[in-house]
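This is the structure I have questions about; it appears just below.
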Amino acid sequence: MTPLPSPSPEEELDDFLRSVERRAFKRTVYAVRDEDAALDIVQDSMIRLVQSYADRPPGEWPMLFQRILSNATLDWFRRQKVRNAVFTNIGDIEASADDGEGDFDLLEALTAEDAGTEGADDAASRTETLAQIEDEIARLPARQREAFLLRYWEELDVAETAAAMGCSEGSVKTHCSRAVQALAKALQLRGITL
């Protein structure tokens, strides 16, 4: 039996990008609350990784990609802020008021595939609880939400999260601690204990 050939560097990079695209998109949608913008941000981040870091060892790609994605998201917010400051007019206000598309329900989408054979009551209860948790995560300040999602959603360690956010490890710990405390308090007020 002949051994399978090892993948080429291009195939390895393609496999890596396929493995991160869904989670990156969901994380970005969660941050910017706009699916089209999130798709653009993720695609731009992937292009930047390929153009600038394809020659790096595959073990470095996850951290590089997280950093590129975080920076691209921050750049999007900066552009939005400038655009809104410069170009706000009645037409823009009316257009944003007319854009009544529903919000992307991140946690519900993630758990839909895990639902399996649970009963309808359990599924409905879990869906409601997850919607409440998602609502509280969305209310966190931006840096706390980013630290929380990187640490507990992307499962990065403190050093990796600090590198992705461009801050110190102490700041990551502070943001995460505050996020967890705020979430626990808010969920407790809703009668949810985890």
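The values are calculated or read from the model by the stated rules, or taken from the named source; none is laboratory data. This structure is a prediction, so every number in the text was calculated from the model and none was measured. Neighbour counts run over all protein chains shown; Cβ positions are idealised from the backbone, glycine included. These accessible areas exclude ligands, DNA and RNA; they are computed on the full protein's heavy atoms, side chains included. Shrake-Rupley method; radii C 1.70, N 1.55, O 1.52, S 1.80 Å.
Label point 7 Å out from E128 along Cα-to-Cβ: which residues of the range 159-194 have amide N under 19 Å?
So the set is 186-194.
Quick one: what are the phi-derived ³J(HN,Hα) couplings along the range 53-65, Karplus 6.51/-1.76/1.60 with θ = phi - 60°, whole Hz, x for glycine and proline?
Each residue's phi maps through the Karplus curve to give 10, 4, 7, 6, x, x, x, 8, 4, x, 5, 4, 5 Hz.
State the extension gain, in nm to one decimal, for the chain segment bounded by E155 and D14, taking 0.36 nm per residue of separation less the distance between their alpha-carbons.
My answer for the length gained is 48.6 nm.
Right, another one. Sorted by accessible area with a 1.4 angstrom probe, largest first, how do K81, K26 fall?
Largest accessible area first, the list is K81, K26.
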